[in-house]
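Since the structure comes first, as structure tokens, the remarks are kept for the end.
The values are calculated or read from the model by the stated rules, or taken from the named source; none is laboratory data. Because the structure is a prediction, the values reported are computed rather than measured. Don't worry about glycine lacking a Cβ; one is built from the backbone with ideal geometry, like all the others, and counts go over all protein chains shown.
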Amino acid sequence: MDEKIITIMQEAFNTSQITPQTDQNNCEKWDSLHHLNLIVELENAFDVEFEPEEIAEMRSFEAVSRILAAKLH
């Protein structure tokens, strides 16, 4: 699942520089518009719907992966 998340993040942020250590502080393309794009892409790819609180918490690859894993189980 992590590889799929990385691919989606690379597409949403239009960069190949995504790793499991990526967060809003070290990814200059992670702004509010790209964040919304990421959420839409994740929801479509995994057929889930995130709550506003979850969306606000998704500020790093680790958080995205953790929240998505909880949604899928």
For segment 36-55, indicate whether the set of residues that are at positive phi and at pLDDT 95 or above is non-empty. yes
Within segment 23-73, restricting attention to residues that are touching a helix residue (DSSP H, G or I) at 6+ places or on another chain (Cβ under 7 Å) and among the polar types (S, T, N, Q), which residue is farthest from Ala12 (Cα to Cα)? Ser65
